[in-house]
Amino acid sequence: MVVTVLKRLTPYLVTLALAGFLYMRADQFGIVSLPGRPGPDLWPKLICVLLAVTSLVGIIGALFGPAQVDTAVADADEALLSPPETHPHLVWFGMGATGVYIAALPWLGFFVATELFAMALLVIGGMRRWILVPLIALGLTSAFTIIFMKVVYVSLPLGVAWFKLISLAVFRLIGVH
Amino acid sequence: MDVLHGLALGFAHVFEPYDMLMLVVGIMTGMLVSIMPGLGFVMGVILALPFTYKMQIEPAIILLTAIYFSGTYGGCFTTILYRIPGEPNDVPLLWDGYTMGKREGPAKPLGWALVAALIGGLVSSTMMVALTKPLTDVALGFNSEDYFAAIVLGLTTVVALAGHSPTKAIISLCLGLLVACIGVDSIFGVSRFTFGVPILGDGVQLVAVLVGMYGLGEVFKRLGQGLTIQNVPGAGAVKVQTSFPRWREIWKIRGTILRSSAIGTFLGVVPGAGATITSFICYGVEKQYGRDRAKLGTGHPSGIVAPQIGSTASVAGHLIPMLTLGIPGSAATAVILAAFLLHGVQPGPMLLANPASRITVYTILASMFVSVIGMCLIGYFWIRVVVRVLLVPQYLLNTIVVMFCLVGAYADRNSMSDVWMILIFGLIGYLFEKYKFPLAPMVLGAILGPIGENNFMRSMIVHHDDWTAPFTQPLSGALLAISAVAFIVPVSRAVQHWLQWRFRPEAAAERGTGS
């Protein structure tokens, strides 16, 4: 019971804290409103107040309102469209892999980083044909390299040291100079 | 006459080879993404956005508009054939489309859906084109107060129409408005909420918000759901046939066609009332007031035609306020607005008033007609191939979508910070979905926030810091009054529901089961 209430309260507590924090930050802008003269802090402060008030309403609702409002079971048709979450850990694996990929991209370069990331995503997504995983990842990486370098004309990160050499070799192979 | 002449020139542009190619690609892409649960036409326009960076503005917008139009139609195939609604707006098609398909074979309901999409698209496009000039003329007379009031109206209707909880919708909106505050303020030139991070000085890129929340957030959600699609057909079972209804049969449901076309077009203009809401309302109206209301749910043509017309008609309804006022009413039009901004063009009344950009508007308007006809023609053949995408493993599709989101965002400014932003907004989008906060208010708040703030501050400056000015001017006052009603109605309904639950729990439970 306590856990359920806490779960329902959490988003509102977070938004309330955020509203308070941002309101205080708005007081520290280079220019602030003076009596009779609005400044750049006026609009953000108005929104912070609205956010804080609404969060308080949400907190009251979470504490005293009906539990089924938040946990209403979707009907069968909606469930077809959006089934319930059954693998929450996969979400965090996916986010973690994405974070590592973005951090590694400038160092490893697009080609190597994307090959590894695509492999990780395929495995997280449930692919278990271990021989095919690197091959499909390679196919996807090559396709994306060609699309973004030769069609969209994006300058993709090359990486550093050995990785840069690998990237340049791959780009030469696909005809990008 | 001016409009017809402009439209004729627009048609001439649409039929130029490159524009036509983009239109066809857009139609095919829209259908491809709309049949897959978890992708959808919003994701389609987001994924196509990076490809438009190097294009001229006309083919870029034609591509995105065509994806949007055909995306409202493609999902009917998988809904009717396999009971897999590709999009939320396809859900009403389950009740009559799938039922009729089981009884008489899928060819007939597919034919009805095609006729409905064609009629809905053409009628709403015609009505909206006729309204473009008058709307532009009205918008040209807007002052700061009017613009501010129009933005407030847009945001309140988005809040009013977003989900079951007004509290969550308002919080979502506030977060979007606060995101829009990040960066250097355009009136005072002061850094706000940048926390000493240089990249935040430019503000948060619109593309990052859209791609993160709708693209990556959706992927994370689907990962949590285990990437499963129920009712996927076997490889041999993927067969599609369409048989058209007779004129006599169409004439019989003329009332449904007229009602749904009018409702779909009108609701399309209302910000926040996307294809899903329009589709459900059109079905609901038929169920309440239609001549054959008792037969709805048993596989009746009205139950297919009404939601399909509603979905397709809403697209033109959404595009026109975006073109004439610069106010996007849905996620897909927000992406199209982003495409305009990436090309250095600000949609709004000046777009049509300026002779140089007028032809662009008419080309886009003409492309709506061609898209509607094209999606029915191309769809007839293309869907037989594209429906096989359901057989593609979900882990593969998911990987492709993630890559498009990340690399597409990087391609905008060649900036890794934008890619980090996408991850942050992807996380926010996932948490929003998890805690059932609607996405649309936040996204539209982030887009409309700066316009609203600029006009509010301008109004304050012009009226010597009199904050009541927007309330006392006739047009802005009227718009704000409508906003107040739009805001009060859902809030009072929520309060009423709470009071009923608190003091008469048995009545509240009865209502809950009744609805």
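The values are calculated or read from the model by the stated rules, or taken from the named source; none is laboratory data. Quick caveat, the model's predicted, so the values are computed rather than measured. Note that each Cβ is placed from the backbone with ideal geometry, even for glycine, and that neighbours are counted across all protein chains shown. Surface accessibility is based on the protein's heavy atoms, side chains included, excluding ligands, DNA and RNA. Shrake-Rupley method; radii C 1.70, N 1.55, O 1.52, S 1.80 Å.
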Original post:
Which of the residues spanning segment A:64-110 are modelled with pLDDT of 90 or more, open to solvent by 30 Å² or more (accessible area, probe 1.4 Å) and more than 7 Å from chain B (Cβ to nearest Cβ)?
Top reply: A:92, A:93, A:96, A:100, A:103, A:107, A:108
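The rows are residues; the columns are (1) open to solvent by less than 50 Å² (accessible area, probe 1.4 Å); (2) among the hydrophobic types (A, V, I, L, M, F, W, C).
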position: B:469; (1), (2): yes, yes
position: B:473; (1), (2): no, no
position: B:490; (1), (2): yes, no
position: B:493; (1), (2): no, no
position: B:497; (1), (2): no, no
position: B:502; (1), (2): no, no
Subject >> Extreme residue, farthest from the other protein chains (Cβ to nearest Cβ), among residues of segment A:33-63 that are closer than 19 Å to residue B:449 by Cβ and part of a loop (DSSP other than H, G, I, E, B) >> reply: A:33
Original post:
Hey, among the residues in segment B:44-57 that are farther than 23 Å from residue B:118 by Cα and away from every other protein chain (no Cβ under 14 Å), which one's most open to solvent (accessible area, probe 1.4 Å)?
Top reply: B:56
**OP:** Would you check which residues across segment B:167-199 are in a helix (DSSP H, G or I), under 28 Å from the mean Cα position of the chain (by Cα) and more than 8 Å from chain A (Cβ to nearest Cβ) and list them?
**Re:** B:169, B:172, B:173, B:176, B:179, B:180
Original post:
What number of residues within segment B:408-434 are in contact (Cβ under 8 Å) with a residue 60 or more places away in the chain and more than 30 Å from residue A:39 (Cα to Cα)?
Top reply: 15
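Here's the yes/no breakdown for (1) surrounded by 23 or more Cβ atoms within 10 Å (Cβ to Cβ); (2) among the charged types (D, E, K, R):
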position	(1), (2)
B:145	yes, yes
B:153	yes, no
B:168	yes, yes
B:185	yes, yes
B:188	no, no
**OP:** Any residue in segment A:13-32 that's at the interface with another protein chain (Cβ under 10 Å from one of its Cβ atoms): show its pairings with residues that are open to solvent by 70 Å² or more (accessible area, probe 1.4 Å) at Cβ separation under 7 Å, as long as the two are six or more apart or on different chains.
**Re:** A:16/A:56
Original post:
Between a first residue in segment B:177-191 that is under 23 Å from residue B:155 (Cβ atoms) and a second residue that is among the polar types (S, T, N, Q) and assigned to a helix (DSSP H, G or I), which pairs have beta carbons less than 8 Å apart while being 6 or more apart in sequence or on different chains?
Top reply: B:186/B:454; B:187/B:454
Original post:
Restricting segment B:405-451 to residues that are more than 20 Å from residue B:155 (Cα to Cα) and of a type in the set (Lys, Arg), which is nearest to the other protein chains (Cβ to nearest Cβ)?
Top reply: B:434
Original post:
If you scan segment A:1-55, which residues turn out to be touching an Asp or Glu at 6+ places or on another chain (Cβ under 6 Å) and open to solvent by 50 Å² or more (accessible area, probe 1.4 Å)?
Top reply: A:32, A:36
Original post:
Looking at this structure, is residue B:260 at pLDDT 85 or above, crowded, with 21+ Cβ neighbours inside 10 Å and of a type outside the set (Phe, Trp, Tyr)?
Top reply: yes
Original post:
Taking segment B:390-409, which residues are open to solvent by 10 Å² or more (accessible area, probe 1.4 Å), farther than 16 Å from residue B:48 by Cβ and part of a helix (DSSP H, G or I)?
Top reply: B:391, B:394, B:395, B:396, B:398
**OP:** Would you be able to say whether some residue in segment A:83-91 is assigned to a helix (DSSP H, G or I) and acidic (Asp, Glu)?
**Re:** no
**OP:** State which residue pairs qualify: first residue of a type in the set (D, E, K, R) and inside segment A:139-168, second residue open to solvent by less than 70 Å² (accessible area, probe 1.4 Å) in any location, beta carbons under 7 Å apart, and separation of 6 or more residues or different chains.
**Re:** A:150/A:176; A:164/A:109; A:164/A:158
Subject >> Some residue of segment B:30-38 being under 16 Å from the mean Cα position of the chain (by Cα), of a type in the set (Gly, Ala, Ser), crowded, with 24+ Cβ neighbours inside 10 Å and within 30 Å of residue B:299 (Cα to Cα) >> reply: yes
**OP:** Could you please give the count of residues in segment B:131-159 that are away from every other protein chain (no Cβ under 14 Å) and among the aliphatic types (A, V, I, L, M)?
**Re:** 9
**OP:** Count, please, the residues in segment B:332-363 that happen to be surrounded by fewer than 23 Cβ atoms within 10 Å (Cβ to Cβ), polar (S, T, N, Q) and within 20 Å of the chain's Cα centre (by Cα).
**Re:** 1
